[in-house]
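What follows is a single structure, written as C-alpha cells, with notes after it.
The values are calculated or read from the model by the stated rules, or taken from the named source; none is laboratory data. Here the structure is a predicted model, which is why all the values come from computation and not from measurement. Glycine gets a Cβ as well: all are built from the backbone with ideal geometry, and neighbour counts include every protein chain shown. Keep in mind that these areas ignore ligands, DNA and RNA; they rest on the heavy atoms of the full protein, side chains included. Shrake-Rupley method; radii C 1.70, N 1.55, O 1.52, S 1.80 Å.
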Amino acid sequence: MTDKTDPSSAAAGNPGDSRGPVPAPLPPLGMAAAAHRRGTAAAALGHVVRRLRQPLPGAQPRLRFEMPPEYTGQVSETDHGGDEEPQFGHPGPRMSPQHPLYMGFMGTVGVGLALLVYWIGSHTTQLLLWIVAALFIALGLEPVVGWLETRKIPRPAGILVSVAVLMGAVVGFFATLIPTIVEQVSEIVRQAPEWVRTFMDSDFFRSLDDQFGVRDRITEELEKFVNDPAAVGGIFGGVVGFGSTVANGLFGTLIVLVLSLYFLAALPAMKKWGYRLAPRSRRTRVAALSEEITRSVGNYVIGQACVALLNATFAFVVMSIVGIPFALLLAFVVVLLAFIPLVGGMIAGVVVILVSLTQGWQAAAIYAICYFAYLQFEAYFISPRVMQKAVAVPGAVAVISVIAGGSLLGVLGALIAIPTAAAVLLLLREIYIVRQDQH
C-alpha cells in the first residue's frame, strides 16, 4: 500500500529543510490602497442608500383608498356576541320597499339625481369629452402594455414606454405640421398679389368691369370696411378667438395625455372596482364580458392606427410621384381622416383629388386610380388581417353608428362609434338574446 503525501506538506514537515513554506507574494501597495478606497466608497454609498430608504422621523404612510374585503356569506365569531365589535357597527334591517315613505323618498331622490346628472353633464361637456378620449387612448395602449409585460418588462416601465412613444408621435406631428402650414401659407400670401394682378389684367375681368363697374365697387367696399370700427374690431376678435381656440386645443391635448397616463396606470384597479359593483353571483360573467369589450376596443384602436398610417404613407408616395402640391400637409389630412372608419378614406381621397386638379386633370386621374385601387386592396387584404382580433360589426350597423357618433360628438364620436356598437352587440348577444331564448 503506497502512502501518498502532499509534496508541500512534506517539505514543510522536513526538519532538514531550513527554508520552510514559501509565503504568497504581497500585492503592490498602490493596488491595496485603491481596493481599500473602493470598499470604503461602496460602504458609504450603501449607508446613504439605506438612510434614504428609511422614512423621515415622524412620517406616516400615505392613506390609500383600499377596497373592502369580499363578503363570503360566513358569520365570524364577533357576530355571535364576541368581545370585539366592527368599527362602524352592524348594519340594521332594511326598510321595506313597499313602505310609502320609502317609495316617495327614493322616487324624489331618483328624480333629483337625474336632474343633477343632467346639469353636471351639460356644464362639463368639454371635460367629459376629454375623459372619453383619454379612456379611449388608455384602452388602445393597454394591449401594448400587456405585450410588454409578457416580455418580462414591469408594468410601470411599459406604461412609461407606451406614453413616451405616444407623446413623441404627437410632438413630432405638431413639429412637422406647424412649420409646413406656416411655409405653405406664406407661399400662398406671397403669390396672392400676383394671382390677383393676373386676374385683374385678364379679358374676363375687364369685360366685367366695363359692364358692372366691378373695380370701383371693390374700391368703395374696401374703403367702407377700413373706416368701419366694428369691422376692425371683428377682425381683432376673430384673431383673439383663433388664438384662444389654439390655446384650448393645446391645453386639452395636455389634459388628455395626463389622464391617459393615469387611466393606463390605474386600469387594473378600475376594472377590479367595477367588477365589485356587480353582485357576487354574477361577477365572473361581468368580468368576462368587460374583458372582451376592453380587449376589442384596444385591438381596434391599434389596428385602425396601423391602417391609417399605411393609407397616409401610400397617399404621400403617390402624391410625391405625381407632383401634387402640399404633399406632406395632405398626408397629415389623410392620416387624420383615415382614422374615421369606412368613410374617412373616401373623404380623404376626394380632398386630395380636388387639390390635385390645380396641376391638371391628368394628375387628378392618376391619383384617383391609384388611391381608390389601394382602398379596395386595403378593404380585402390589409384590414381583415390587421383587424382580425378587433371588433366584428355588420356593415350597415357600422355606417349608422359612424354617422350617429359623428353627429353627436364630432370626430371623437366617429372614432369610438364602431367599438361602442361592437360592445352593444356583444351585450345583446350574450345577455338579452340568451335570456329571451330561455323563455
Quiz item: Just a yes or no: is a residue in the range 149-167 modelled with pLDDT under 80 and in a helix (DSSP H, G or I)?
Solution: yes
Quiz item: Mind checking which residues of the range 134-166 are open to solvent by 60 Å² or more (accessible area, probe 1.4 Å) and in contact (Cβ under 8 Å) with a residue 24 or more places away in the chain?
Solution: LEU135, PRO156
Quiz item: Looking at this structure, is ALA308 open to solvent by less than 60 Å² (accessible area, probe 1.4 Å), in a helix (DSSP H, G or I), farther than 27 Å from TYR432 by Cα and of a type in the set (A, V, I, L, M, F, W, C)?
Solution: yes
Practice problem: With the condition kept exactly as written, say whether any residue in the range 275-286 is open to solvent by less than 40 Å² (accessible area, probe 1.4 Å), in a helix (DSSP H, G or I) and small (Gly, Ala, Ser). | Solution: no
Self-check item: All positions within the range 312-337 that are touching a Leu at 6+ places or on another chain (Cβ under 9 Å) and more than 22 Å from GLN359 (Cα to Cα)
Solution: VAL335
Quiz prompt | Qualifying residues in the range 263-284 (those that are touching a residue at least 24 places away in the same chain (Cβ under 8 Å) and out of contact with any Asp or Glu (no Cβ under 8 Å at 6 or more places or on another chain)) - the one nearest to PRO419 (Cα to Cα) | solution = PHE263
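Which one is farthest from ALA327 (Cα to Cα), of the residues in the range 287-305 that are open to solvent by 60 Å² or more (accessible area, probe 1.4 Å) and out of contact with any Pro (no Cβ under 9 Å at 6 or more places or on another chain)?
Initially, the range 287-305 is screened for residues open to solvent by 60 Å² or more (accessible area, probe 1.4 Å), giving 288, 291-292, 295.
If we keep only those that are out of contact with any Pro (no Cβ under 9 Å at 6 or more places or on another chain) as well, we get 288, 291-292.
Working: ALA288: 46, GLU291: 41, GLU292: 40 Å.
Going through the qualifying residues, I end up with ALA288.
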Self-check item: Only listed residue being open to solvent by 70 Å² or more (accessible area, probe 1.4 Å), part of a helix (DSSP H, G or I), of a type in the set (S, T, N, Q) and at pLDDT 80 or above, chosen from THR358, THR420
Solution: THR420
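Answer yes or no: is there a residue in the range 130-145 that is assigned to a helix (DSSP H, G or I) and farther than 28 Å from THR294 by Cα.
Narrowing the range 130-145 to residues assigned to a helix (DSSP H, G or I): 130-145.
With the extra rule that they be farther than 28 Å from THR294 by Cα, the set shrinks to none.
No, the conditions are met nowhere in the range 130-145.
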Exercise. Please indicate, with yes or no, whether at least one residue in the range 324-333 is touching a Phe, Trp or Tyr at 6+ places or on another chain (Cβ under 8 Å), of a type in the set (Val, Ile, Thr) and either without any contact (Cβ under 8 Å) to a residue 12 or more places away in the chain or open to solvent by less than 40 Å² (accessible area, probe 1.4 Å) (or both).
Key: yes
Quiz item: When you go through GLY121, GLY107 one by one, which is the residue that is at pLDDT below 85, in a helix (DSSP H, G or I) and not β-branched (Val, Ile, Thr)?
Solution: GLY121
Practice problem: Give LEU45, LEU115 a once-over and let me know the one that is assigned to a helix (DSSP H, G or I), open to solvent by 90 Å² or more (accessible area, probe 1.4 Å) and either more than 30 Å from GLY252 (Cα to Cα) or at pLDDT below 70 (or both). | Solution: LEU45
